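Novice: This is the structure, below, for whatever I ask next.
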Amino acid sequence: MVPQPGISPTRHGAALTMFLITGAGGGVGSVSRSVVEELRAQGLPVRAMVRRDDDRAERLRDLGAEVVVGDLTSPVDVANAIDGVTRMFFNMSVAADYLEAAAVVAAVGKEVGALDVLVNMSQMTVSQMTLTSTEESHHQRLHWLAERVLNWSDLPVVHVRPTVFLDNPLFTVLAQPRCASAGCWRCPSATGTPRPSPRPTSRTWSRPCCANRKAAWGTCTS
């Protein structure tokens with residue numbers, strides 16, 4: 001692997017520190033892209049995995065990131081992307097094959113990877129779920145299952161469980177008329193307890209988990 005111009009790879013022991021960030025061009029890609037920006041601002045080597053080589057991928061290259069195009073459900077693509085990587089941020093848009101992608105990441109990371117830490121972007125609802133609960137959505141159940149698959153892999157995993165982000169259209173578009181008429185935005189809604197998180201909260205968790213060599217494995221919940 002040849003480092004991109006401007007990237008100064010760092011070492012701890014004899015291992016090259018390379019960061020793999022997935023979902024950097026997807027529907028939830030703005031979170032991953034922010035992580036890429038934070039790491040590149042520190043001059044750290046970043047490999048961004050995207051589904052398509054388009055304008056969004058080109059912007060990642062402009063940041064100095066190495067871009068790889070691949071499918072998270074393809075073991076071959078994930079194995080190629082994870083080669084030489086010691087820190088990984090697993091993030092994926094809402095998709096029917098989310099659980100399959102998590103299983104592939106776990107299997108590849110276990111068999112061919114050399115990860116010091118794998119940061120998994122989960123969601124807060126998982127904290128309220130049980131094996132037999134039925135109130136959650138299908139995709140929320142996939143996150144619950146994905147966390148368990150990653151835990152069973154015995155990889156050093158940190159699960160990040162944020163609430164909904166404040167720049168979600170639910171707040172930026174749909175809530176605007178009510179906010180304007182009432183002069184305030186009431187939170188939590190109804191009898192719920194989750195608090196929406198500003199997007200930098202996700203960055204703040206994800207970047208130290210990726211960059212801190214001594215990060216503790218476990219779960220971060222907003």
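Novice: Could you tell me whether residue 72 is at pLDDT 95 or above and within 15 Å of the chain's Cα centre (by Cα)? It would help to see each step written out before you state the result.
Specialist: On the way: at pLDDT 95 or above: yes; within 15 Å of the chain's Cα centre (by Cα): yes.
Yes: the conditions hold for residue 72.
Novice: Scan 62, 77, 83 and give me the residue that is over 16 Å from residue 109 (Cα atoms) and either buried (at least 16 other Cβ atoms within 10 Å of the Cβ) or in the same structural domain as residue 115 (by TED's automatic domain parsing) (or both). Spell out how you get there, then give the answer.
Specialist: Numbers: 77 fails: over 16 Å from residue 109 (Cα atoms); 83 fails: over 16 Å from residue 109 (Cα atoms).
None of the others qualify; the one that does is 62.
Novice: Looking at this structure, is residue 104 at pLDDT below 90, hydrophobic (A, V, I, L, M, F, W, C) and touching a helix residue (DSSP H, G or I) at 6+ places or on another chain (Cβ under 7 Å)? Let's see the steps before the verdict.
Specialist: Details: at pLDDT below 90: no; hydrophobic (A, V, I, L, M, F, W, C): yes; touching a helix residue (DSSP H, G or I) at 6+ places or on another chain (Cβ under 7 Å): yes.
Considered against the rule, which asks whether it is at pLDDT below 90, hydrophobic (A, V, I, L, M, F, W, C) and touching a helix residue (DSSP H, G or I) at 6+ places or on another chain (Cβ under 7 Å), residue 104 comes out as no.
Novice: Determine which member of the set 106, 114 is under 15 Å from the mean Cα position of the chain (by Cα), in the same structural domain as residue 30 (by TED's automatic domain parsing) and either small (Gly, Ala, Ser) or surrounded by fewer than 20 Cβ atoms within 10 Å (Cβ to Cβ) (or both).
Specialist: Numbers: 114 fails: under 15 Å from the mean Cα position of the chain (by Cα).
Residue meeting the stated conditions: 106.
Novice: For residues in the range 131-161 being of a type in the set (A, V, I, L, M, F, W, C) and within 11 Å of residue 106 (Cα to Cα), which is farthest from the chain's Cα centre (by Cα)? Let's see the steps before the verdict.
Specialist: Step one: of the range 131-161, the residues of a type in the set (A, V, I, L, M, F, W, C) are 131, 142, 144-146, 149-150, 152, 155, 157-158, 160.
Adding the requirement that they be within 11 Å of residue 106 (Cα to Cα) leaves 146, 149-150, 152, 155, 157.
On the way: 146: 13, 149: 16, 150: 14, 152: 19, 155: 16, 157: 12 Å.
The residue in question is 152.
Novice: A further question follows. Among the listed residues 118, 131, 99, which satisfies the condition of being free of Cβ contacts under 8 Å to residues at least 60 places away in the same chain and assigned to a loop (DSSP other than H, G, I, E, B)?
Specialist: Numbers: 118 fails: assigned to a loop (DSSP other than H, G, I, E, B); 99 fails: assigned to a loop (DSSP other than H, G, I, E, B).
Criteria check complete, one pass: 131.
Novice: Yes or no: the range 146-155 includes at least one residue that is of a type in the set (Lys, Arg), at pLDDT 85 or above and farther than 30 Å from residue 84 by Cα.
Specialist: From the range 146-155, those of a type in the set (Lys, Arg) are 148; that's our starting set.
Still in the running and at pLDDT 85 or above: 148.
The next check asks that each one be farther than 30 Å from residue 84 by Cα; those that pass are none.
For the range 146-155, residues of a type in the set (Lys, Arg), at pLDDT 85 or above and farther than 30 Å from residue 84 by Cα: absent.
The values are calculated or read from the model by the stated rules, or taken from the named source; none is laboratory data. Being a predicted model, the structure only gives us computed values, none of them experimental. Heads up, the Cβs are rebuilt from the backbone with ideal geometry, glycines too, and the neighbour counts pull from every protein chain shown.
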